[in-house]
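Participant: Sharing a structure, written as structure tokens. Questions coming.
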Amino acid sequence: MDRQPLGKGIFINVSKNHTFGTDAVLLANFASSKRFKKHCDLGAGCGIISMLLLKDGTVQNSVGVEISEEAVALATKTACEFAKDTFTPINADLKSLKGVLPFGVFDLVTCNPPYKAEGAGILSTGDKDIVARHETMCTLEDVISAASHLVKSSGSFCICQRPERLADILCLMRKYKLEAKRVRTVSKKVGEEPWLVLVEGRRDAKSGIRILPPLFVYDNNGNLSSEMLEIYGDYKEGHL
């Protein structure tokens, strides 16, 4: 086990199997467009998205749903140390949340899901890598269906994914009454194709999507872009 600083004197407990990267930080930043009261993170891992949103004051209370007992233990330790009254990690399967969490009450739901569809690409070598990167325990549709049940009417659902899954996200969101409202791509630098897409859907909203300006991780000199420096703020980089 290790501890990673998040700034403001807050640390998060991580392990070799359950850590986080730039995509989680960018998703938390993307979701923080306004303030929310109740938040739920699906596939919460070590609890990074919940902790970032709590640290910045984006949400007042957060629940993290995670199927791995090891990851929940890490998140629970972090919650006890820094967010005992505001962060609640739950060991549960997001496909079976009826009776576990109340439906239709969360202002914000987030998810940094597995990126590779089942049967796509070479499987990772470790069991935990497979769960984290491939849709073996849940599919993209499972995630969006769960989010649709949890979020209240007019509430937001934010997700990050690989750009090749964008059409799937938009179609599934509409199927489950989560109308896509904001889309933003992320590229390593100007001139490169995006490696990540961020999407916000709102429950029971009217159609109409804002395509935001692209985010570039590095500038032309290979340094972190000014926007990335602002996003990271007082958090020590090291996950790029």
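The values are calculated or read from the model by the stated rules, or taken from the named source; none is laboratory data. Remember, it's a predicted structure, so these values are computed and weren't measured experimentally. With ideal geometry, Cβ positions are generated from the backbone for all residues, glycine too; neighbour counts draw on all protein chains shown.
Participant: Just name the residue that is farthest from ARG174 (Cα to Cα) out of those in segment 193-209 that are part of a loop (DSSP other than H, G, I, E, B) and of a type outside the set (Ser, Thr, Tyr). Break it down stepwise before answering.
Facilitator: Here is the first cut: in segment 193-209, the residues part of a loop (DSSP other than H, G, I, E, B) are 193-195, 204-209.
Filter once more, keeping what is of a type outside the set (Ser, Thr, Tyr): 193-195, 204-206, 208-209.
Details: GLU193: 26, PRO194: 23, TRP195: 24, ASP204: 9, ALA205: 10, LYS206: 10, GLY208: 12, ILE209: 12 Å.
If we take residues in segment 193-209 being part of a loop (DSSP other than H, G, I, E, B) and of a type outside the set (Ser, Thr, Tyr), then GLU193 is farthest from ARG174 (Cα to Cα).
Participant: Here is a further query. Those residues that are touching a Gly at 6+ places or on another chain (Cβ under 6 Å), within 14 Å of ILE159 (Cβ to Cβ) and in a loop (DSSP other than H, G, I, E, B), I need them from segment 4-52; list them, please.
Facilitator: Correct list: ALA44 only.
Participant: Okay, moving on. Within segment 32-44, can one find any residue that is modelled with pLDDT under 95 and of a type outside the set (D, E, K, R)?
Facilitator: Among the residues of segment 32-44, at least one is modelled with pLDDT under 95 and of a type outside the set (D, E, K, R), which makes the answer yes.
Participant: Determine if segment 74-85 includes at least one residue that is crowded, with 18+ Cβ neighbours inside 10 Å, part of a loop (DSSP other than H, G, I, E, B) and modelled with pLDDT of 95 or more.
Facilitator: Yes; the residues of segment 74-85 include at least one that is crowded, with 18+ Cβ neighbours inside 10 Å, part of a loop (DSSP other than H, G, I, E, B) and modelled with pLDDT of 95 or more.
Participant: Also, I was wondering about something else. Please go through segment 100-155 and pick out each residue that is at pLDDT 65 or above, charged (D, E, K, R) and within 16 Å of the chain's Cα centre (by Cα).
Facilitator: ASP107, LYS116, GLU141, ASP142
Participant: I'm told ARG184 meets every condition in (1) without any contact (Cβ under 8 Å) to a residue 40 or more places away in the chain; (2) of a type outside the set (Gly, Ala, Ser); (3) within 19 Å of LYS34 (Cα to Cα) except one. Can you identify the failing condition by its number?
Facilitator: (1)
Participant: Sticking with this one: For segment 58-71, state whether one or more residues are among the β-branched types (Val, Ile, Thr) and part of a helix (DSSP H, G or I).
Facilitator: Within segment 58-71 (the criterion being among the β-branched types (Val, Ile, Thr) and part of a helix (DSSP H, G or I)), the answer is no, since none of the residues qualifies.
Participant: Take segment 25-77 and flag every residue that is β-branched (Val, Ile, Thr), free of Cβ contacts under 8 Å to residues at least 60 places away in the same chain, under 18 Å from ASP2 (Cβ atoms) and in contact with a Leu (Cβ under 9 Å, 6 or more places away or on another chain).
Facilitator: Matches in segment 25-77: ILE48 only.
Participant: Of the numbered conditions (1) surrounded by fewer than 19 Cβ atoms within 10 Å (Cβ to Cβ); (2) at pLDDT 95 or above; (3) not in a helix (DSSP H, G or I), VAL186 fails exactly one; give the number of that condition.
Facilitator: Of (1) surrounded by fewer than 19 Cβ atoms within 10 Å (Cβ to Cβ); (2) at pLDDT 95 or above; (3) not in a helix (DSSP H, G or I), only one is false for VAL186: (1).
Participant: What is the residue count in segment 47-73 for residues that are loosely packed, with under 15 Cβ neighbours inside 10 Å and of a type in the set (Gly, Ala, Ser)?
Facilitator: Summing the residues that are loosely packed, with under 15 Cβ neighbours inside 10 Å and of a type in the set (Gly, Ala, Ser) in segment 47-73 gives 1.
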